[in-house]
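Note sheet for the following structure.
The values are calculated or read from the model by the stated rules, or taken from the named source; none is laboratory data. Note that this is a predicted model, so its numbers are computed, not measured. Glycine also receives a Cβ, built like all others from the backbone with ideal geometry; neighbour counts cover every protein chain displayed. Ligands, DNA and RNA are excluded from the accessible area calculation, which covers all protein heavy atoms including side chains. Shrake-Rupley method; radii C 1.70, N 1.55, O 1.52, S 1.80 Å.
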Amino acid sequence: MTRKLKIKSHAGQPTLFDMPDLYGTSDTTEMPVHPSISEFVAEAANSISRPDDDLQPVMTEPTAKEEPLLFISFGSGSSGNSAYIGTRTEGILIDAGVDGGVIRDALHANGISRDAIKGICITHDHSDHVRYVYSLVRKNPSIGVYCTPKTLNGMLRRHNISRRIKDYHRPIYKEFPFEIAGIELTAFDVSHDGTDNAGFFIRRDALCFAIATDLGCITPRVDFYMRQAQHIMIESNYDAGMLMTGSYPQYLKSRIMAERGHLDNEITASFLASCFKPELRNIFLCHLSQDNNTPEIASQTVRNALSKAGATSIGDGSESIDARNCAIQLVALPRYGASRLFILR
């Protein structure tokens, strides 16, 4: 079966004078000093007035922006989606489709307090992305919920979510950057059958991370942001052969393959190969189908495409010596449970 790339077309040290035994003589021997030198030293010493504290090395604590950016996925797939991006002291969640207890435990296991979460950014209003959003903010009222007004309305319309979620809503708008926890985010449009679906482009200093969790085709805005990133999280939902010969009813197969559905491994692989550059560091494949895909098939499909594009050193995201020596890490995020902690540089 031949698959085409679906692209939606539209537009201090001591001073000289403080050093003991300056001339290398013993305590019992005095070295004669020329009067002109004595006068110079006395005059210079009198002209310098420096507190003792100024003679000590200046030690500064690293600022939040100097800390590495961390990434953990708590689950990826139709059973629930959520991920943490930030430092050990503050960061954000992308989506809230995973129970708060799972998120708390995974953060704690990696030395991060749940209090580090300063905001939840919602990609769209499907249940597997928003199921636990209210329970998370209700127990942690300082957390804001960042999504477009249309996405918020879709959540309230589609699901049994307390209308008090509005008290935590921080409206955002696509293509308008905003900041949480020292991270700049820009929401951008993606093609999916939720309400006002968004991907997120995340920037801190020179580090860029582009995320698109659910999408049926590569739109111009997806292409624009993904090509700027050194770290990418993108859907690789199904293997076309598995889907077509599987047990899903035809209407569901059609919905999945539509431009507002999900991405086939081959399309994701072809697009990622076209994005290949030496600066690319991490690729996280997300939202793999349980019935129509496997982590092995998805990873190998992308690996083959990257190799043809010139990538010669592709790791599996593990902490093995071989993997760590690779230029690019390719990881299929686990459907259930948390991934390991990744350090993004």
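Restricting to region 292-310, and then to whatever is assigned to a loop (DSSP other than H, G, I, E, B) and in contact with a helix residue (DSSP H, G or I) (Cβ under 8 Å, 6 or more places away or on another chain), can you tell me which residue is nearest to Pro249 (Cα to Cα)?
First pass over region 292-310, keeping only residues assigned to a loop (DSSP other than H, G, I, E, B): 292-294, 309-310.
Filter again for in contact with a helix residue (DSSP H, G or I) (Cβ under 8 Å, 6 or more places away or on another chain), leaving 292-293, 309.
Numbers: Asn292: 13, Asn293: 17, Ala309: 36 Å.
If we take residues in region 292-310 being assigned to a loop (DSSP other than H, G, I, E, B) and in contact with a helix residue (DSSP H, G or I) (Cβ under 8 Å, 6 or more places away or on another chain), then Asn292 is nearest to Pro249 (Cα to Cα).
Here are Ile314, Ile297, Ile343: which of them is surrounded by fewer than 22 Cβ atoms within 10 Å (Cβ to Cβ), in contact with a Pro (Cβ under 7 Å, 6 or more places away or on another chain) and more than 16 Å from Leu215 (Cα to Cα)?
Details: Ile314 fails: in contact with a Pro (Cβ under 7 Å, 6 or more places away or on another chain); Ile297 fails: in contact with a Pro (Cβ under 7 Å, 6 or more places away or on another chain).
Unique residue meeting the criteria: Ile343.
Got a number for residues in region 147-181 being at pLDDT below 95 and assigned to a loop (DSSP other than H, G, I, E, B)?
4
Tally time: how many residues in region 144-158 are open to solvent by less than 30 Å² (accessible area, probe 1.4 Å) and more than 18 Å from the chain's Cα centre (by Cα)? Don't jump to the end; show me each part of the working.
First pass over region 144-158, keeping only residues open to solvent by less than 30 Å² (accessible area, probe 1.4 Å): 144-145, 147-148, 151-152, 154-156.
Of the ones still in play, those that are also more than 18 Å from the chain's Cα centre (by Cα) are 144, 148, 151-152, 154-156.
So the count comes out to 7.
For region 159-169, check the following and say yes or no: at least one residue is of a type in the set (A, V, I, L, M) and surrounded by fewer than 23 Cβ atoms within 10 Å (Cβ to Cβ).
If we filter region 159-169 for residues that are of a type in the set (A, V, I, L, M), which is where we start, we get 161, 165.
Subsequent filtering for residues that are surrounded by fewer than 23 Cβ atoms within 10 Å (Cβ to Cβ) retains 161, 165.
Within region 159-169, one or more residues are of a type in the set (A, V, I, L, M) and surrounded by fewer than 23 Cβ atoms within 10 Å (Cβ to Cβ).
What residue, of Ala269, Ala309, is among the hydrophobic types (A, V, I, L, M, F, W, C) and open to solvent by less than 10 Å² (accessible area, probe 1.4 Å)? Before you say what the answer is, go through the steps one by one.
Values: Ala309 fails: open to solvent by less than 10 Å² (accessible area, probe 1.4 Å).
Of Ala269, Ala309, the one residue that is among the hydrophobic types (A, V, I, L, M, F, W, C) and open to solvent by less than 10 Å² (accessible area, probe 1.4 Å) is Ala269.
Do we find that Ala273 is of a type in the set (A, V, I, L, M, F, W, C) and farther than 22 Å from Cys208 by Cβ in this structure? Spell out the reasoning first.
On the way: of a type in the set (A, V, I, L, M, F, W, C): yes; farther than 22 Å from Cys208 by Cβ: no.
No: the conditions fail for Ala273.
Search region 76-126 for residues being touching an Asp or Glu at 6+ places or on another chain (Cβ under 6 Å) and small (Gly, Ala, Ser), and hand back the single one that is farthest from Val331 (Cα to Cα).
Ala116
Which condition from (1) surrounded by 15 or more Cβ atoms within 10 Å (Cβ to Cβ); (2) assigned to a loop (DSSP other than H, G, I, E, B); (3) out of contact with any helix residue (DSSP H, G or I) (no Cβ under 7 Å at 6 or more places or on another chain) is the one that Pro141 breaks?
Every listed condition holds for Pro141 apart from (1).
Looking for whichever is in contact with a helix residue (DSSP H, G or I) (Cβ under 9 Å, 6 or more places away or on another chain) and either part of a helix (DSSP H, G or I) or closer than 18 Å to Cys217 by Cβ (or both) here; the options are Gly337, Gly317, Gly261. Which one fits? Spell out how you get there, then give the answer.
Numbers: Gly337 fails: either part of a helix (DSSP H, G or I) or closer than 18 Å to Cys217 by Cβ (or both); Gly317 fails: either part of a helix (DSSP H, G or I) or closer than 18 Å to Cys217 by Cβ (or both).
So the residue among Gly337, Gly317, Gly261 that is in contact with a helix residue (DSSP H, G or I) (Cβ under 9 Å, 6 or more places away or on another chain) and either part of a helix (DSSP H, G or I) or closer than 18 Å to Cys217 by Cβ (or both) is Gly261.
Between a first residue in region 202-222 that is under 19 Å from Glu266 (Cβ atoms) and a second residue that is open to solvent by 30 Å² or more (accessible area, probe 1.4 Å) and β-branched (Val, Ile, Thr), which pairs have beta carbons less than 6 Å apart while being 6 or more apart in sequence or on different chains?
Qualifying pairs under 6 Å: Ile218/Ile7.
If I ask for residues that are in a helix (DSSP H, G or I) and open to solvent by 10 Å² or more (accessible area, probe 1.4 Å), which ones from region 107-135 would you list? Please lay out each step first, then the result.
Restricting attention to region 107-135, the residues satisfying the condition of being in a helix (DSSP H, G or I) are 107-109, 114-116, 127-130, 133-135.
Within region 107-135, His108, Ala109, Arg114, Asp115, Ser127, Asp128, Tyr134, Ser135 meet the criteria.
Yes or no, residue by residue, for (1) in a loop (DSSP other than H, G, I, E, B); (2) modelled with pLDDT under 95; (3) open to solvent by 10 Å² or more (accessible area, probe 1.4 Å):
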residue: Phe188; (1), (2), (3): no, no, no
residue: His192; (1), (2), (3): yes, no, no
residue: Asp196; (1), (2), (3): yes, no, yes
residue: Ile202; (1), (2), (3): no, no, no
residue: Asp214; (1), (2), (3): yes, no, no
residue: Asp223; (1), (2), (3): no, no, yes
residue: Ala229; (1), (2), (3): yes, no, no
residue: Ile234; (1), (2), (3): no, no, no
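For region 68-95, enumerate the residues that are open to solvent by 10 Å² or more (accessible area, probe 1.4 Å), of a type in the set (Ser, Thr, Tyr) and either in contact with a Phe, Trp or Tyr (Cβ under 6 Å, 6 or more places away or on another chain) or within 20 Å of Tyr146 (Cα to Cα) (or both).
Residue satisfying the conditions is Thr89 alone.
Going through region 317-335 one residue at a time, which ones are surrounded by fewer than 14 Cβ atoms within 10 Å (Cβ to Cβ) and either aliphatic (A, V, I, L, M) or at pLDDT 95 or above (or both)?
Ile321, Ala327
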